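Notes to accompany the following structure.
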Amino acid sequence: MNLNLRKAIIHNVSGNNQDELRDTIVDAIQGGEEKTLPGLGVLLEVFWQNADPEEQKMVLETLEESLQQQQMQ
């Protein structure tokens, strides 16, 4: 079986509005299931490829700060 996971994930969320995308992300995070991680990764990839350098910098700063906070807990 030749399944392109990226294409399948993009196909599943294409056409979703902002609320639906938010719900998808929140559900994946709150569910805490490992199987949702690839979908979140694809969404990050799509964002990253379309973000300008300032948006990328903001994400990196947020991730860095968030990961440092996680280590302190």
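Readers should treat all values here as calculations from the given coordinates under stated rules, not as data from a laboratory. Only a predicted model underlies this, so the values are computations on that prediction, with no experimental measurement involved. Backbone-built Cβ (ideal geometry, glycine too); neighbour counts: all protein chains shown.
Here are some notes:
- Angle in degrees between helix 37-50 and the longest Cα principal axis of the chain, rounded to the nearest 10: 80 degrees
- Judged by the gyration tensor of its Cα atoms, with axes a ≥ b ≥ c, the stretch 5-72 is oblate; a/c meets the 1.5 cut and b/c is at least as large as a/b.
- Test item: Cα-centred dipole of the stretch 5-72, Lys/Arg +1 and Asp/Glu -1 on Cβ, debye: 320 debye
- The stretch 7-17 - phi-based ³J(HN,Hα) in whole Hz, Karplus 6.51/-1.76/1.60, Gly and Pro as x: 4, 5, 5, 4, 4, 5, 10, 4, x, 6, 7
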